[in-house]
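These notes concern the structure reproduced below.
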Amino acid sequence: MFKYILFIILFAFIKLFADNNFYTISICSDEKYESSLYCKDNIIKETELDIIITKSKDTLYRTNYGKFGTKKEAYLQMKKLSRSTKQFGVFVVNIDKNNTEFELFEVHKKSNNLNKISSYNDNSIIDLNLIKKNMENSEKSDKSEFYKEKVIKKLEKEDITENDKVDFETEFKKIVEFENVVKKVLLEHPAKDVKSENSESKRDLGVETKKIAYLTFDDGPIGATKNILNVFEEENIPATLFFIGYQIKNNPIIYEDALNSKNITVANHTYSHASGGYQRFYSNSDGVLADIDKNQRLLDKYIDNSLKPLRFAGRNVFRLKDIKTNDVALSKEHTQNELLSYDKVHNSGYSIYGWDVEWEFDENGKPVQSPEQVLQYMETSYKNSKTKKMNKVILLTHDIMFSNHYNGKANLKKLIKLLKENNWSFESINHY
Ligand SMILES: [Zn+2]
């Protein structure tokens, strides 16, 4: 049985790698293999095309939809995706066997009865246990060698081409890599427990164990910032304040208070906040970088933060090692005009964070939603995996909402109380 599984994997790989270069639509990414399966089963609503899991060199598993010969085809398909899938910030990636940071990991065919690797994966937990058993039963000290021998023997009997043989070493490495993941999964989820569980729930895989809130505050420092600092001092939980350079100049004492608050991470929110208007600002990439660098120099005087966390003014954009999304509120053409700015800033070493949920305010700075409603939004986003990272919700608020005028301190404390009661934990953006 074990051999059978291994050969299925092997031949599926050989078949797969016959296509050296193609495009696919990236939907989700995560460090955990289980999360990529979760994405396949629960997030990708489309069923027309194959689902391809890739693995990047920095060990991120990426769940992708479809396989396309040209970039254009991929973009056309991307347009057709359901809204619920699109909101994950989908983008097209090029998979090039010879020159790429991605490696193919496994393919889930749209039609189950056709493809054995698919049925293997559909029952992956049970089959993984079989593999584990085989590993344990093997008396060879070097188990990789043991598998290799078996596979080679089998290959010699099969009618395969020379090219396939040349590829063998590479494929074998991938099998070993896959097995290492299997081992890791089994270590975390012992065989007998997993077997008896229903595979439909991500809770079973230990993925949904934590709800993490990243509370972020934009556009300070201003007078109301003092309330925020007090609350986080009293609650003793972390928060991130994205400060504007000119406000730091206007309110140096509050800025200093923020720096001295142990729970507060101070981060960059540009120097000027795009005073000439967002469109004009972002169409000049050199100007954007200069403005952000200016604020960073101000922050660097006091803070040592090699991540250089940044939030753009007026743009919900992510540029991180594993997440690259643009602001869905902007048209495609509009986004196109600004891409250079986003990427230039990211390439200069900034980690750029948007948000998942916003606690809004009206033209006077008054909060629109109640703390109860904000909690509800956060819970819903979390449950439906409508966030950029699973189990993590970045909440955007603005300092102005927490002025005494609107009972800011009590309002903020109320939200934190509700989150604590509902088992949320808190992190600064540095730990996102
Ligand atoms: Zn802002």
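Figures for the structure shown
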item	result
Any pair with Cβ under 8 angstrom, 6 or more apart, that starts in the stretch 244-273 at a residue that is assigned by TED's automatic domain parsing to the domain that holds residue 298 and ends at one that is more than 16 Å from the ligand (Cβ to nearest atom) and of a type in the set (Val, Ile, Thr)	258/264; 259/303; 263/237; 266/303
Residues satisfying the stated conditions in the stretch 215-236, i.e. assigned to a loop (DSSP other than H, G, I, E, B) and either closer than 23 Å to residue 270 by Cα or within 13 Å of the ligand (Cβ to nearest atom) (or both)	221, 222, 223, 224
Filtered residues of the stretch 250-287 (kept if closer than 17 Å to residue 351 by Cβ and within 14 Å of the ligand (Cβ to nearest atom))	267, 268, 269, 270
Test: residue 220 is touching a Phe, Trp or Tyr at 6+ places or on another chain (Cβ under 7 Å), within 15 Å of residue 408 (Cα to Cα) and not aliphatic (A, V, I, L, M)	yes
Checklist (1) within 14 Å of the ligand (Cβ to nearest atom); (2) more than 30 Å from residue 31 (Cβ to Cβ); (3) part of a helix (DSSP H, G or I) applied to residue 292, failing item	(2)
Cβ-Cβ under 7 Å pairs, at least 6 apart or on other chains, the stretch 11-36 side under 21 Å from residue 87 (Cβ atoms), far side at pLDDT below 75 and buried (at least 19 other Cβ atoms within 10 Å of the Cβ)	27/88; 28/88
Unique match (being farther than 26 Å from residue 324 by Cα, out of contact with any Asp or Glu (no Cβ under 8 Å at 6 or more places or on another chain) and either at pLDDT 80 or above or surrounded by 15 or more Cβ atoms within 10 Å (Cβ to Cβ) (or both)) among 14, 27, 44, 8	8
Residue ID - farthest from residue 88 (Cα to Cα), chosen from residues in the stretch 357-373 that are acidic (Asp, Glu) and part of a loop (DSSP other than H, G, I, E, B)	363
Verdict on residue 316 being assigned to a loop (DSSP other than H, G, I, E, B) and within 16 Å of the ligand (Cβ to nearest atom)	yes
Residue 245 more than 20 Å from residue 428 (Cα to Cα), crowded, with 19+ Cβ neighbours inside 10 Å and of a type in the set (Gly, Ala, Ser)	yes
Among residues of the stretch 69-84, those that are outside any helix (DSSP H, G or I) and buried (at least 19 other Cβ atoms within 10 Å of the Cβ), counted	1
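Conditions tested, residue by residue: (1) part of a loop (DSSP other than H, G, I, E, B); (2) within 16 Å of the ligand (Cβ to nearest atom); (3) modelled with pLDDT of 95 or more; (4) among the aliphatic types (A, V, I, L, M).
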{"residue": "344", "(1), (2), (3), (4)": "no, no, yes, no"}
{"residue": "355", "(1), (2), (3), (4)": "yes, yes, yes, no"}
{"residue": "375", "(1), (2), (3), (4)": "no, no, yes, yes"}
{"residue": "381", "(1), (2), (3), (4)": "no, no, no, no"}
{"residue": "385", "(1), (2), (3), (4)": "yes, no, no, no"}
{"residue": "393", "(1), (2), (3), (4)": "no, no, yes, yes"}
{"residue": "396", "(1), (2), (3), (4)": "no, yes, yes, yes"}
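The values are calculated or read from the model by the stated rules, or taken from the named source; none is laboratory data. Treat the numbers as computed from the prediction; the structure is a model and nothing was measured. Note that each Cβ is placed from the backbone with ideal geometry, even for glycine, and that neighbours are counted across all protein chains shown.
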